[in-house]
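The values are calculated or read from the model by the stated rules, or taken from the named source; none is laboratory data. Remember, predicted model here, so these are calculated numbers, not experimental data. Counting neighbours? That spans all protein chains shown, and the Cβs are built from the backbone with ideal geometry, glycine included.
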């Protein structure tokens, strides 16, 4: 681990060293001495002095680079971790030249952010050199990562952020409101108990905006005699002279303390934390102050916008805007109610998002994934849209666990979104329907070539064609582990006729080939599909896993109160006859004829690639009837359900319809068909009502029952939310999939 000075290890990396030394021998390299690392060194942690200068010094920098290179070559380290700009540059260069396999750099602030001209371009170039030499990159906040991407330092998806940001997190037991310490510190500095104290805590330099704060406080102090300024930290640029002048101008109201290893005491004494900085990787002092119950006044810049939620936990201003700083100080200083509301919100947010325990656990996962041999996961699905709607949380969770995640879909919209999340994408020629033999063989061969090129450790095949062709290609390419997800049996198993029967016979034979691999797991979403496929293909029970759907984000799909007024019945699905869309329209017409006051929303678009899709003529007829309202495709399904009272899906067959899981999570009663998949998504009579498929009259009767009985539909809605929490949470589904991957890897 390389830094410019030992101070960085003490302040930022103590918890990291504790994590790493449990599994590795750790060497700390910096320009300093071992006695500066009190309590950090032991049998598994040693210190090596290396003359790395903080400032640019070409000759000394080249010497440091050479010495590091020789040291790394001699020691043959498995990994090198660097932080801080200069040590990041020489550390990553030396590690690259020495052939260290894992090279991680932690970006925690850009010194060039406020520079201009040649120096800015030179320093940006050095950061690009770090990026080029590192195998893994970490930013300490999401906004810092975005800034580096926008500045052209690193491409989107290459840099990670652990948890919600921060390197260490905040110890809520250390940083907390403390009335006793508040009284002691105020008495020590002669600050009245009723005065409002604005605190600056950190290195005193111009980049931290200290001069701006001094000028702003001149305005504040002149207008309010009860406000005090407390500046704590080492003076790096001779700014004590300016503070002394301010103290002479306002005697007894400007207070000074040097470096402290007990910042929590000064936070306890203050009322508001101020950080008018021009650049920050992550405003950690703001999070610590928030945990201590202080609202913030800070610059609206990257690194700070992660630490402060504007107008909730503090007030943000433009960097350098002295008048905005003064206005914010006067507002918070005079409005005690606002100050206390922000203080409570700040502490709650700091503990919820940045607790030391949470950050430490996240880094433990990160280091385990980063420092272990990387495993490759390839998810094959028919479209990017399907990946984004159903499998994105799983892909991201696998990435966070250390997998190198590849996604393969047909070309189309959504690919850019996949790449922007740090996932590697490969296009393959894959049509969801159609039986052109040449085209189907091209898909099979493309998958075989992709598997040979990527060499995945696990392939996860989703939906029918990826399962069929991908299963055969994976066997031929020698993929160690395969997951086949059967999300529904599709048109071939749902329809009758001679042609369909012949296609079904062929599909069964292809399934048998695809399922012939030893190290294979087949995921089913309902027992009926499982029984059908097992019987047809002789699939072994040991290869079968039952997972009820792809999971629901319970924080996004929440049980909102029912809106007053005319009840709304929603059907959200692709506009296919197999989804029961005709029965829904017919049932709506029947209920209108019965004089029932209700609105019927049909959400979704036709799917021309599916042989059962409705056409434009039917849509025009439905629209003209006035019985239903066509809303088209919508991305805001959670909001649609929040406005609804009943959710309907009269489908002929499903794997496990996600729309019903989401409706349950939103606390809405459900009416759906008594068919495989649909009946597995509800508890009949408890969370919804089952009706026979293809029966518009029965569907209308069930809808009418719920429309006329508000207490019943509300009771079913509550039961649905409970079911979703027990069975359908995205976290449970994701963890089950990750466990399957681990099992396949162990058995490979």
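Does residue 724 satisfy the condition of being farther than 26 Å from residue 635 by Cβ, modelled with pLDDT under 95 and in a helix (DSSP H, G or I)? So residue 724 fails the test. Of the residues making up region 427-462, those that are touching a strand residue (DSSP E or B) at 6+ places or on another chain (Cβ under 8 Å), in a loop (DSSP other than H, G, I, E, B) and surrounded by fewer than 23 Cβ atoms within 10 Å (Cβ to Cβ) are 428, 455, 457. Just one of the listed residues (746, 739) is surrounded by fewer than 24 Cβ atoms within 10 Å (Cβ to Cβ), in a helix (DSSP H, G or I), modelled with pLDDT under 90 and not assigned by TED's automatic domain parsing to the domain that holds residue 397, namely 746.
On the stretch given as region 602-621, residues that are within 17 Å of residue 583 (Cβ to Cβ) and assigned to a helix (DSSP H, G or I) total 3.
Is it the case that some residue within region 378-387 is part of a strand (DSSP E or B), closer than 25 Å to residue 154 by Cα and not assigned by TED's automatic domain parsing to the domain that holds residue 138? Yes, region 378-387 has at least one match. Show the residue pairs meeting these rules: Cβ distance below 6 Å; 6+ apart or different chains; first residue within region 571-592 and over 19 Å from residue 644 (Cα atoms); second residue part of a strand (DSSP E or B). Final answer for the pair search is 576/613.
Can you tell me which residue is farthest from residue 96 (Cα to Cα) among those in region 127-158 that are touching a helix residue (DSSP H, G or I) at 6+ places or on another chain (Cβ under 7 Å) and crowded, with 18+ Cβ neighbours inside 10 Å? Taking the candidates together, the pick is 139. Assess whether residue 465 counts as being farther than 18 Å from residue 529 by Cβ and either modelled with pLDDT under 90 or loosely packed, with under 15 Cβ neighbours inside 10 Å (or both). Judged against the criteria, residue 465 is not a match.
Put simply, of 123, 70 the only residue that is within 23 Å of residue 278 (Cα to Cα) and either out of contact with any helix residue (DSSP H, G or I) (no Cβ under 9 Å at 6 or more places or on another chain) or assigned to a helix (DSSP H, G or I) (or both) is 123. When region 677-696 is filtered for residues that are out of contact with any strand residue (DSSP E or B) (no Cβ under 9 Å at 6 or more places or on another chain), in a loop (DSSP other than H, G, I, E, B) and surrounded by fewer than 24 Cβ atoms within 10 Å (Cβ to Cβ), the ones remaining, listed by number, are 683, 685, 686. Kindly indicate the residue of region 602-641 that is within 32 Å of the chain's Cα centre (by Cα) and free of Cβ contacts under 8 Å to residues at least 24 places away in the same chain and also surrounded by the fewest Cβ atoms within 10 Å (Cβ to Cβ) among those meeting that condition. Checking each candidate, the answer is 635.
For region 308-338, how many residues are outside any loop (DSSP other than H, G, I, E, B), touching a residue at least 60 places away in the same chain (Cβ under 8 Å) and surrounded by fewer than 19 Cβ atoms within 10 Å (Cβ to Cβ)?
Filtering region 308-338 for residues outside any loop (DSSP other than H, G, I, E, B) gives 310, 314-317, 322-334, 336-338.
Cutting the leftovers down to touching a residue at least 60 places away in the same chain (Cβ under 8 Å) gives us 322-323, 325-326, 329-330, 332-334.
Checking the rest, the ones that are also surrounded by fewer than 19 Cβ atoms within 10 Å (Cβ to Cβ) come to 323, 330, 334.
Qualifying residue count for the region: 3.
Applying the criterion of being free of Cβ contacts under 8 Å to residues at least 12 places away in the same chain and in the same structural domain as residue 462 (by TED's automatic domain parsing) to the residues of region 531-563, the residue that is surrounded by the most Cβ atoms within 10 Å (Cβ to Cβ) is 534. Residue check, residue 254 against (1) modelled with pLDDT of 95 or more; (2) under 22 Å from residue 316 (Cα atoms); (3) in contact with a helix residue (DSSP H, G or I) (Cβ under 9 Å, 6 or more places away or on another chain), all met but one. Which one? Going through (1) modelled with pLDDT of 95 or more; (2) under 22 Å from residue 316 (Cα atoms); (3) in contact with a helix residue (DSSP H, G or I) (Cβ under 9 Å, 6 or more places away or on another chain) one by one, residue 254 breaks only (2).
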